[in-house]
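The values are calculated or read from the model by the stated rules, or taken from the named source; none is laboratory data. Keep in mind that what you see is a predicted model, and the values were worked out from it rather than measured. Note that we place each Cβ from the backbone using ideal geometry, even for glycine, and neighbour counts take in every protein chain shown.
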Amino acid sequence: MLFAQAELVSESRLKKKLAQAGSDSGGMPQILDYVQQKAEMYELEATLSNWERKVEIAEMASKKAKAAARKNKGGTAGTQA
């Protein structure tokens, strides 16, 4: 009888510890969530890099177009006078 009572107390303590450990990890993010978040971060960084490169290309094209327009404007003004 005494052994059964001691075992019951031991089991209840173990059950409390397990319940407390389970509740502590409830606030922690899951590993899969972390992996998905990292994958999304890498994808967004790649998208950002692509857009930055596209902006650079557009800026270079704009500069070339402005230079060509200035060159044409200067060349036609000199032939008319």
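Quick check on this structure: which one of 11, 40 is among the acidic types (Asp, Glu), surrounded by 10 or more Cβ atoms within 10 Å (Cβ to Cβ), out of contact with any Ser or Thr (no Cβ under 9 Å at 6 or more places or on another chain) and at pLDDT 95 or above?
Matching residue, one of 11, 40: 40.
In the list 61, 19, 69, which residue meets the criterion of being part of a helix (DSSP H, G or I), surrounded by 10 or more Cβ atoms within 10 Å (Cβ to Cβ), hydrophobic (A, V, I, L, M, F, W, C) and modelled with pLDDT under 90? Steps first, answer last, please.
Working: 61 fails: modelled with pLDDT under 90; 69 fails: modelled with pLDDT under 90.
Result: 19 is the single residue among 61, 19, 69 that is part of a helix (DSSP H, G or I), surrounded by 10 or more Cβ atoms within 10 Å (Cβ to Cβ), hydrophobic (A, V, I, L, M, F, W, C) and modelled with pLDDT under 90.
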